[in-house]
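Structure in structure tokens, see below.
Derivation of every value follows stated rules applied to the coordinates shown; laboratory data play no part. What you see is a predicted model; the values in this text were computed from it and never measured. Note: ideal-geometry Cβ built from the backbone for every residue, glycine included; neighbour counts use all protein chains shown.
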Amino acid sequence: MSDASAAAELARGGELDDYLRHVAHERQLSPQTVRAYADDLREFAEFLDRYYGAPEWTWGGVDRLAIRSWMGDCSTRRGLSRTSIARKLSAVRSFYHFLHVHERVDANPGRSVRTPKKQRVLPGFLTREQMEKLFELAAQRAMAGGFHAARNLAIVELFYSAGLRVSELQGLSLPGVDLVGDQVRVLGKGRKERIVPLGAMASRALRRYYESRQTVIANASRPDTRAVFVGQTGKRLSVRQIQNIVGEFLRAVAGEAGLSTHSLRHTFATHLLDAGADLLAVKELLGHASLSTTQIYTHTSKERLKRVYRQAHPRA
């Protein structure tokens with residue numbers, strides 16, 4: 001590599017590092033989001049090396065055609081979905097906005113690139129019967145006793161009762177859970193806080209879990225005393241551990257249907273709308289910034305109503 005190439009690469013890396021520090025510390029985005037931005041932008045830089053045929057390019061020399069070519073490469077060569085490509089484009093736009101504000105580039109080329117239309121994919125969810133089976137299984141294990149079984153029942157009850165994201169449930173701390181007022185304070189995307197009511201069954205499961213949790217915390221050497229959901233060592237559960245716990249229950253009641261922790265959030269919203277809940281109320285409970293995000297659940301409910309109509313109406 002020539003001295004000029006090395007200097008250009010160092011400058012590009014420095015600008016990227018500055019941006020990642022900005023989103024982590026000043027915008028206070030989650031570590032997962034920062035890592036995703038870093039991965040997307042480094043992949044973009046690797047593509048630009050191939051696109052320009054040499055590593056001497058600079059961020060200021062990138063135009064909208066290069067970005068569109070990169071999006072095409074993501075679609076055709078890598079087979080990424082429109083949703084994934086739109087997320088990557090958002091990372092590029094945000095990065096260039098930072099560079100433009102700090103006068104490191106003359107313009108943001110990502111602004112003139114159209115976002116791919118998102119594919120309407122109906123979210124996976126469980127039926128009422130499947131949810132009853134899931135809770136019956138979790139409750140049976142909890143009745144047999146043990147810290148893990150009580151905790152796992154509280155986890156699935158809370159997912160379904162409050163419609164939380166897995167990151168929201170994993171990040172819960174004791175001061176945010178109010179078992180007197182039956183509500184939970186959640187820190188959602190963009191560090192936006194919302195209050196979500198708790199159902200009676202979820203509150204009951206949490207109270208039972210807290211009893212065994214106290215013993216674990218008391219016997220642990222360096223426990224995380226604020227974390228709601230902990231492991232046997234008293235440390236806060238990771239997102240992956242929670243996904244594994246919920247995944248076992250989902251496979252038991254739905255088989256290999258490709259469901260995940262997020263499916264319980266979808267189930268929460270779908271069952272509320274099926275029962276006649278107001279769409280705006282469901283939007284607030286889910287912590288969605290836009291009503292259009294919540295409206296996908298109305299498609300799920302409409303499809304279910306159509307099936308019921310076709311099966312039940314004499315002249316359907």
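Would you work out which of Leu16, Trp70, Val101 lies farthest towards the positive end of the dipole of the range 3-112, given +1 charges on the beta-carbon of Lys and Arg and -1 on that of Asp and Glu, about the Cα centre?
Trp70
Once all Cα-Cα distances of the range 3-112 are split into 5 Å bins that start at 0, what whole-number percent is in each one?
2, 12, 22, 26, 21, 12, 4, 0
Quote the charge dipole size of the range 128-312 about the Cα centre in Debye, to the nearest 20; the model charges only the Cβ of Lys and Arg (+1) and of Asp and Glu (-1).
380 debye
State, as an integer percentage, the relative contact order of the range 128-312 based on alpha-carbon contacts under 8 Å between residues 6 or more apart. Show your work: numbers first, answer last.
Numbers: 213 pairs, mean separation 42.4, N = 185.
Once divided by the residue count of the range 128-312, the mean separation gives 23 percent.
If you don't mind, there's one more thing I want to ask. With +1 on each Lys and Arg Cβ and -1 on each Asp and Glu Cβ, and nothing else charged, work out how big the dipole of the range 3-112 is about its Cα centre, in Debye to the nearest 20.
Details: 16 positive and 16 negative charges, 141 e Å.
Charge dipole, the range 3-112, about its Cα centre: 680 debye, nearest 20.
Next up: Using the Karplus curve 6.51 cos²θ - 1.76 cosθ + 1.60 with θ = phi - 60°, what ³J(HN,Hα) values do you get for each residue of the range 237-249, in whole Hz, with x for Gly and Pro?
5, 7, 4, 4, 4, 5, 4, 5, 4, 5, x, 4, 5
Between Lys306, Lys235, Lys189, find the one with the highest GNM mean-square fluctuation for the chain; connect C-alpha pairs within less than 10 Å.
Judging by the Gaussian network model, the answer is Lys306.
Using Cα pairs under 8 angstrom and six or more residues apart, how large is the relative contact order of the chain, in percent? Spell out each step's value before the answer.
Working: 336 pairs, mean separation 48.4, N = 316.
That works out to 15 percent.
Per DSSP H run of at least 4 residues, take -39500 (n - 2.57); add these up for the chain, divide by its residues and hand me the 222 nm value, nearest 500 deg cm²/dmol.
Numbers: 13 runs with 190 residues, N = 316.
Using -39500 (n - 2.57) per qualifying helix, the result is -19500 deg cm²/dmol.
Please work out whether the range 171-281 counts as rounded, prolate or oblate from its C-alpha gyration tensor, where a ≥ b ≥ c are the square roots of the eigenvalues and a/c under 1.5 means rounded, while otherwise a/b larger than b/c means prolate and anything else oblate? Walk me through the intermediate numbers first.
Details: a/c = 1.89, a/b = 1.33, b/c = 1.42.
Because a/c hits 1.5 or more and a/b fails to exceed b/c, the range 171-281 counts as oblate.
Roughly what angle does helix 261-274 make with the longest principal axis of the chain, taking Cα atoms, 0 to 90 degrees, to the nearest 10?
60 degrees
Next up: Given that just one value was derived from the coordinates, which of [x] 22.0, 64; [y] 23.6, 80; [z] 25.1, 81 is Rg and Dmax of the Cα atoms in Å?
[y]
Now for a separate question. Taking only Cα atoms, what is the 0 to 90° angle, nearest 10, from helix 296-312's long axis to the longest principal axis of the chain?
It works out to around 50 degrees.
How would you rank Arg315, Arg104, Arg222, Arg21, going from fewest to most other Cβ atoms within 10 Å of each one's own Cβ?
Details: Arg315 3, Arg104 17, Arg222 8, Arg21 11.
Ascending Cβ contact count within 10 Å gives the list Arg315, Arg222, Arg21, Arg104.
Which ordering of Met71, Met143, Met201 is given by a fewest-first count of other beta-carbon atoms within 10 Å?
Working: Met71 23, Met143 11, Met201 15.
In increasing order of surrounding Cβ atoms, one gets Met143, Met201, Met71.
Compute the acute angle (0 to 90°) between the alpha-carbon long axis of helix 82-101 and the principal axis of greatest extent of the alpha-carbon atoms of the chain; round to the nearest 10°.
The two axes meet at around 60 degrees.
Shifting gears a bit: When the expected Rg is taken as 2.2 N^0.38 Å, what fraction or multiple of it is the alpha-carbon Rg of the range 128-312?
Numbers: Rg = 16.9 Å, N = 185, 2.2 N^0.38 = 16.0 Å.
Dividing the Cα Rg of the range 128-312 by 2.2 N^0.38 Å gives 1.06.
With contacts defined as alpha carbon pairs under 8 Å and 6 or more residues apart, what's the relative contact order of the range 3-112 in percent?
28 percent
What list of ³J(HN,Hα) values in whole Hz, one per residue of the range 282-292 in order, does the Karplus curve 6.51 cos²θ - 1.76 cosθ + 1.60 (θ = phi - 60°) give from phi, with Gly and Pro shown as x?
Values, residue by residue: 5, 4, 5, 5, 7, x, 6, 7, 10, 5, 4 Hz.
Using +1 on the beta carbon of Lys and Arg, -1 on that of Asp and Glu, and nothing else charged, what's the dipole of the chain about the Cα centre, debye to 20?
On the way: 48 positive and 32 negative charges, 229 e Å.
The dipole of the chain has a size of about 1100 debye.
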